[in-house]
Amino acid sequence: MALYLVQHGKSLPKDVDPDQGLSADGVAETRRIAGVAADYGIKVTRIRHSGKTRARQTAEIFTAALNPADGVEETGGLKPLDDVTVVAAGIDPDASVMLVGHLPFMERITGYLVTGSTETSVFRFQNSGIVCLDKDLQTDSWVIVWTLMPKIG
């Protein structure tokens with residue numbers, strides 16, 4: 001199975017929207033990436049998000065496109081400065097779960113899962129982008145299998 005990590009879509013500035021919901025660009029980019037993921041046949045059983053408005057809205061867009069069997073839910077531990085080791089310890093490598101959160105958390109958990117260090121950066125996220133990881137059962141390490149980003153180059 002796979003673990004899908006997503007940085008929330010582009011959000012409105014705090015002075016425009018105190019809750020920092022998704023901007024029009026954020027909605028459009030997230031819909032586009034979610035549609036591509038659906039077209040590729042990505043199967044997600046559950047989508048979890050941090051509860052912040054921009055993460056919830058991003059998760060809802062991915063839910064509409066991917067139709068996870070176990071739905072979408074708010075879960076603790078995915079906020080920007082939360083401890084990635086706590087979340088990592090609870091990941092079931094046999095489930096196909098998507099986590100929707102924030103920087104620097106998403107980059108730190110990716111680095112931690114791949115290298116064992118929370119300080120080692122292995123990938124630069126983009127808003128609405130997906131990083132797919134899978135656990136190599138022979139080495140017991142996570143590896144980046146593919147990424148899908150709104151912008152290349």
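Every number here is computed from the coordinates shown, using simple stated rules; none is lab data. Everything quoted here is computed from the prediction, not taken from an experiment. With ideal geometry, Cβ positions are generated from the backbone for all residues, glycine too; neighbour counts draw on all protein chains shown.
Some values worked out for this structure:
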read-out: For the stretch 41-113 versus the stretch 118-149, the gap between their alpha-carbon centres in whole angstrom; value: 13
read-out: Label-point separation, Leu137 to Thr45 (7 Å along Cα→Cβ), nm; value: 1.4
read-out: For Met98, Met1, Met149, order by how many other beta-carbon atoms lie within 10 Å, fewest first; value: Met1, Met149, Met98
read-out: Given charges at beta-carbon only (K, R positive; D, E negative), |dipole| of the chain in Debye; value: 360
read-out: Estimated [θ] at 222 nm from DSSP helical runs (n ≥ 4, -39500 (n - 2.57)) normalised by residues in the chain, nearest 500; value: -9500 deg cm²/dmol
read-out: Most mobile listed residue (Glu29, Glu119, Glu107) in the chain, GNM with C-alpha springs under 10 Å; value: Glu119
read-out: Set of lysines with alpha-carbon distance to Lys10 below 28 Å, sequence-local pairs under 8 removed; value: Lys43, Lys52, Lys79, Lys151
read-out: Coil-residue chymotrypsin sites (Phe, Trp or Tyr not before Pro) of the stretch 1-77, DSSP, other Cβ within 10 Å capped at 10; value: Tyr40
read-out: Calculated SAXS-style log₁₀ I(q)/I(0) at q = 0.19 Å⁻¹ - the chain, Debye, Cα scatterers; value: -1.17
read-out: Peptide ranges 126-132, 41-47, 53-59 listed from the most packed, as the mean C-beta count within 10 angstrom indicates; value: 53-59, 126-132, 41-47
